[in-house]
Amino acid sequence: MPTPDVVLLTKADCHLCTEARDAVERVTASLGLQWREQSIDDDEQLRARYAEEIPVVLVDGVQRDFWKIDEKHLARVLAKALGS
């Protein structure tokens with residue numbers, strides 16, 4: 001089974017993004033997964049779609065959470081993606 005693609009969408013001057021980074025790091029680390037961060041600041045399409053919801057967690061391109069990241073929910077989503 002392929003490894004889930006975990007992306008945290010952020011923007012500059014986002015006070016919730018720091019908390020989201022920490023949450024995504026804790027969950028992915030506990031499952032041995034990598035994740036990446038992508039800013040919407042330089043991407044017009046992402047900014048138009050997600051500007052009011054940042055931070056956003058995408059798993060395999062599907063929005064799974066936004067604003068305050070629910071670590072238990074993210075862990076369940078990733079465990080399911082891993083086939084656990």
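Every read-out reported here was derived from the displayed coordinates using simple, explicitly stated rules and does not represent laboratory data. Nothing here was measured: the structure is a model prediction, and the numbers come from that model. Positions of Cβ are backbone-derived with ideal geometry, glycine not excepted, and every protein chain shown enters the neighbour counts.
Restricting region 19-42 to residues that are over 13 Å from residue 74 (Cβ atoms) and touching a helix residue (DSSP H, G or I) at 6+ places or on another chain (Cβ under 8 Å), which is surrounded by the fewest Cβ atoms within 10 Å (Cβ to Cβ)?
34
Being over 10 Å from the mean Cα position of the chain (by Cα) and at positive phi narrows it down to one of 70, 43, 13, 22, so name that one.
13
Could you run through region 43-67 and say how many residues are acidic (Asp, Glu) and exposed (fewer than 12 other Cβ atoms within 10 Å of the Cβ)?
2
Look at residue 16 and say whether it is in contact with a helix residue (DSSP H, G or I) (Cβ under 7 Å, 6 or more places away or on another chain) and over 22 Å from residue 84 (Cβ atoms).
No; evaluated as a whole, the condition is false for this residue.
Which ones in region 31-72 are in contact with an Asp or Glu (Cβ under 6 Å, 6 or more places away or on another chain) and more than 17 Å from residue 12 (Cα to Cα)? Give the steps one after another, and end with the answer.
Going residue by residue through region 31-72, those that are in contact with an Asp or Glu (Cβ under 6 Å, 6 or more places away or on another chain) are 57, 60, 66.
60 - this is the single residue of region 31-72 that is in contact with an Asp or Glu (Cβ under 6 Å, 6 or more places away or on another chain) and more than 17 Å from residue 12 (Cα to Cα).
Considering each residue of region 14-70, count those that are charged (D, E, K, R) and either under 22 Å from residue 3 (Cα atoms) or touching a Pro at 6+ places or on another chain (Cβ under 6 Å) (or both), and give that number.
The total comes to 10.
Whether any residue in region 4-16 is in contact (Cβ under 8 Å) with a residue 60 or more places away in the chain and not aliphatic (A, V, I, L, M) is what I want to check.
Yes, the conditions are met somewhere in region 4-16.
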